[in-house]
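Each remark here refers to the structure printed beneath this line.
Nothing in this text is a laboratory measurement; each read-out follows from the coordinates by a stated rule. What you are looking at is a predicted structure, and each value in this text was computed from that prediction instead of being measured. For neighbour counting, all protein chains shown are included, and Cβ atoms are generated from backbone atoms with ideal geometry for every residue, glycine included.
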């Protein structure tokens with residue numbers, strides 16, 4: 001399931017290189033009903049990566065989150081899922097590898113900071 005390219009097609013109309021904080025609205029089907037979700041490009045990319053990694057459709061993930069979100073809005077619940085997923089992934093990674101603290105920053109942190117190159121001057 002290749003959602004990343006689909007998302008790139010949606011945002012490419014807005015700019016050649018859309019900023020990561022550009023809000024994008026997408027229609028999703030939750031438990032058989034259509035609704036819309038508005039999130040930043042970086043959040044959509046992250047959610048699509050999770051869908052690809054877990055071999056689930058976007059609608060499947062939205063439906064699963066909808067069933068457990070309680071009074072929380074769907075968009076907020078999806079953001080929580082994204083952060084919780086990557087925190088769990090980070091925790092598993094940290095257990096499997098040792099971070100080199102001599103440089104003062106892990107490779108993961110440097111990679112995350114590099115994502116800002118898409119929206120502005122390089123962060124040093």
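For residue 71 and residue 21, what is the calculated FRET efficiency with R₀ set at 22 Å and r taken between the beta-carbons, to the nearest 0.05?
About 0.25, to the nearest 0.05.
Sticking with the crude label model, points 7 Å out along Cα→Cβ, report the distance from residue 111 to residue 35 in nm, one decimal please.
3.2
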